[in-house]
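K.L.:
Once you've had a glance at the structure underneath, I'll fire off some questions.
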Amino acid sequence: MTQTLICPSSLGAGVSSSMETLSLNEQSHFRLRLPTPPHIRRGGGNGHPPPFISASAAPRRETDPKKRVVITGMGLVSVFGTNVDVYYDRLLAGESGVSTIDRFDASMFPTRFGGQIRRFTSEGYIDGKNDRRLDDYLRYCLVSGKKAIESAGFDLHNITNKIDKERAGILVGTGMGGLKVFSDGVQSLIEKGYRKISPFFIPYLIPNMGSALLGIDLGFMGPNYSISTACATSNYCIYAAANHIRQGDADLMVAGGTEAPIIPIGLGGFVACRALSTRNDDPQTASRPWDKDRDGFVMGEGAGILVLESLEHAMKRDAPIIAEYLGGAVNCDAHHMTDPRADGLGVSTCIESSLEDAGVAAEEVNYINAHATSTPTGDLAEIKAIKNVFRNTSEIKINATKSMIGHCLGASGGLEAIATVKAITTGWLHPTINQFNPEPSADFDTVAKKKKQHEVNVAISNSFGFGGHNSVLVFSAFKP
C-alpha cells in the first residue's frame, strides 16, 4: 500500500481537475513529488519529520527576515538599451525592437530578422583590452550585472567594504554560452590550424565564465556557478539564488541570464529546427503570441539580472527594496526534446508548486508574465496549463514581453522578471502587440495592443526551455 500526502487546498481546483486523468499510481507519484511548503519545511521539532499536510492547510508566506528574499537592484542589456526605466517605458509604448539583421549578411537565410542589439557600449564597466576579447554574452553579463549592483545602492569601487564578500554570490546562466567564440575558433582550426586558435577559446566559451568574471570584478566569494536550461535558464538561476539565501548560504546573490546568439551559426541552428518565424516582409509583426497566424519565434539577445538579498541584510544596510521574491519552482515535462506536453501537465504542476513555495493561494494571483514565444504548440500548451491552475481567470491579466523584444533564450527570464517587477512598482502593464487574430482559447485579458493600469497583487513569471524544463517565479510588492 502506497502512502501519499494530501494535496493542500492552496493549490486550487486545478490539481483535482488535472488528476482526474491520471491513474491511481500516477496520482500517488504526483502527490509525493510536490515540494513541502516553506512553513512546514523545517520539520516537527526534536529531529522529528514534518507533519502531513492537512487538506485544510492555508498558505502562509515566509515571515523570518533571514529567509524573506527581496529585490534591491536590477540591470539589463536589451534591444532598447541598458537603462531599466527606458526599457520599460518602451515596452509600455508597445514598441517593437525587432528589425532586419545587419550584423552579418543574412540574405541567404529563410529568416533574416531578429531582436538585434545595436550601439551597445561597455564603457565604464569593462576595460578596453578585455572588451575586445570577450564574447558578447560575457559583455552583456558584466555590464548588466554591474548596473544591477549600482542600482542596489553600491559603489562599484567600494563594494566589499560594505558587505561580507564571502556571503555574496553570483548565479548568472546562459543557454548557448560563447557561441561566437566557438564559431570563430572552429573557423580558425579549419582554415589555419590549431596554432591559430585563441588561448581564450575555452575560457570564453564555457557557460560558467559570466558568473566567474563578474565575481572576480566584484570580489564576491560566495556561491558562484552557472545553470544552463535553455530558455528557462534565467528563472532557474534566480530560483536557485533565492534558495541560497533562504538556506543561509548567502546574504546577497546576483542572478539572471545572458545570451548573444544572433550570429550565423545561431540563426542557422534555429532555422534548422524550424523554430523561427519567416515573416521577412514585416519583421515587427512577426512575434505574435496567441495569434492564429503565428509561425514561430523571433530570436533576441541581451541580459537581465536581479540583485536578491535577505530582508534582514537589505534592511541593515538601508538598501532600496524594490519588490519581494515570494517563491518559485522548477520541474521537467519528461516528454519531448523540443515540444511541450499538449496537456500542459508539467507546467501546471510547476505553477502549483511555485505558489506552494511562495505561500500564495491561486486566487491571489492577478498578473502573469507568460513565456508566450509565438510558436504554434507552445502558446496553447501554456494557456491550457494556466487554466488548469486558475479556475477563475476573470481577474487575471496576462501579457507577452517577447512580442516586442523577441525570444532572448537564456536571458529571456531575466528580462521578463524585470518587466514583471516594473509592472508591480509602476502599476502599469505593457501591452502584448501584434494581436490581430486571437486564438479563441486564449480568452484572457492579454493586454492587447495598449498598456493598462493594473494594481498587481501577486505576479508570476513563466519560462520554459528545450528539454521540457519548466520554471515559475512569484513576485509581489514589498510589505514590511
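K.L.:
Within the stretch 412-424, can one find any residue that is at pLDDT 95 or above and acidic (Asp, Glu)?
P.N.:
Yes, the stretch 412-424 has at least one match.
K.L.:
Go through Thr349, Thr401 for me and flag whichever is over 18 Å from Ala329 (Cβ atoms), polar (S, T, N, Q) and touching a strand residue (DSSP E or B) at 6+ places or on another chain (Cβ under 8 Å).
P.N.:
From the options Thr349, Thr401, the qualifying one is Thr401.
K.L.:
Does the stretch 391-429 hold any residues that are in contact with a Gly (Cβ under 7 Å, 6 or more places away or on another chain), surrounded by 24 or more Cβ atoms within 10 Å (Cβ to Cβ) and within 24 Å of Glu363 (Cβ to Cβ), and which are they?
P.N.:
Answer for the stretch 391-429, where residues must be in contact with a Gly (Cβ under 7 Å, 6 or more places away or on another chain), surrounded by 24 or more Cβ atoms within 10 Å (Cβ to Cβ) and within 24 Å of Glu363 (Cβ to Cβ): just Ala417.
K.L.:
Please work out if Thr377 is assigned by TED's automatic domain parsing to the domain that holds Gly256, under 18 Å from Pro289 (Cβ atoms) and crowded, with 23+ Cβ neighbours inside 10 Å.
P.N.:
Considered against the rule, which asks whether it is assigned by TED's automatic domain parsing to the domain that holds Gly256, under 18 Å from Pro289 (Cβ atoms) and crowded, with 23+ Cβ neighbours inside 10 Å, Thr377 comes out as no.
K.L.:
Now, a different point. Would the stretch 251-272 turn up any residue that is in a loop (DSSP other than H, G, I, E, B), of a type in the set (Gly, Ala, Ser) and surrounded by fewer than 23 Cβ atoms within 10 Å (Cβ to Cβ)?
P.N.:
No.
K.L.:
Scan Gly185, Gly215 and give me the residue that is surrounded by 19 or more Cβ atoms within 10 Å (Cβ to Cβ), out of contact with any strand residue (DSSP E or B) (no Cβ under 9 Å at 6 or more places or on another chain), in the same structural domain as Ala323 (by TED's automatic domain parsing) and not hydrophobic (A, V, I, L, M, F, W, C).
P.N.:
After ruling out the rest, the residue left standing is Gly185.
Condition check ((1) part of a helix (DSSP H, G or I); (2) under 21 Å from Gln435 (Cβ atoms); (3) among the β-branched types (Val, Ile, Thr)) across all residues:
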| position | (1), (2), (3) |
| --- | --- |
| Ser348 | yes, no, no |
| Glu352 | yes, no, no |
| Asp357 | yes, no, no |
| Glu363 | yes, no, no |
| Tyr367 | no, yes, no |
| Asn388 | yes, no, no |
| Thr393 | no, yes, yes |
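K.L.:
Are there any pairs with C-beta distances below 7 angstrom linking a residue in the stretch 259-273 that is closer than 14 Å to Asp135 by Cα to a residue that is among the aromatic types (Phe, Trp, Tyr) and surrounded by 23 or more Cβ atoms within 10 Å (Cβ to Cβ), with the two at least 6 apart or on different chains, and if so which?
P.N.:
Hits for this filter: Glu259/Tyr137; Ala260/Tyr137; Ala260/Tyr140.
K.L.:
Next question, about the same structure. So, of the residues in the stretch 436-475 that are crowded, with 20+ Cβ neighbours inside 10 Å and touching an Asp or Glu at 6+ places or on another chain (Cβ under 6 Å), which turns out to be nearest to Ala334 (Cα to Cα)?
P.N.:
Applying the filter and picking the extreme gives Gly468.
K.L.:
Okay, next question. Return yes or no: is Val330 part of a strand (DSSP E or B), hydrophobic (A, V, I, L, M, F, W, C) and surrounded by fewer than 24 Cβ atoms within 10 Å (Cβ to Cβ)?
P.N.:
Yes, satisfied.
K.L.:
Which of the residues that make up the stretch 183-210 are under 27 Å from the mean Cα position of the chain (by Cα) and without any contact (Cβ under 8 Å) to a residue 60 or more places away in the chain?
P.N.:
Ile202, Pro203, Ile206, Pro207, Asn208
K.L.:
Still on this model: Taking the options Gly153, Gly193, name whichever one is under 30 Å from Glu62 (Cα atoms) and either surrounded by fewer than 18 Cβ atoms within 10 Å (Cβ to Cβ) or not assigned by TED's automatic domain parsing to the domain that holds Glu301 (or both).
P.N.:
Every option except Gly153 fails the conditions.
One line per residue, one yes/no per condition, for (1) in contact with a Leu (Cβ under 8 Å, 6 or more places away or on another chain); (2) in a helix (DSSP H, G or I); (3) under 25 Å from Ile321 (Cβ atoms):
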site: Arg60; (1), (2), (3): no, no, yes
site: Pro65; (1), (2), (3): yes, no, yes
site: Leu76; (1), (2), (3): yes, no, yes
site: Asp85; (1), (2), (3): no, yes, yes
site: Glu95; (1), (2), (3): no, no, no
site: Asp105; (1), (2), (3): no, no, no
site: Met108; (1), (2), (3): no, no, no
site: Arg119; (1), (2), (3): no, no, no
site: Glu123; (1), (2), (3): no, no, no
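The values are calculated or read from the model by the stated rules, or taken from the named source; none is laboratory data. Owing to the predicted nature of the structure, the values given are computational and were not obtained by experimental measurement. Using ideal geometry, Cβ is built from the backbone for each residue, glycine included, and neighbour counts are taken over all protein chains shown.
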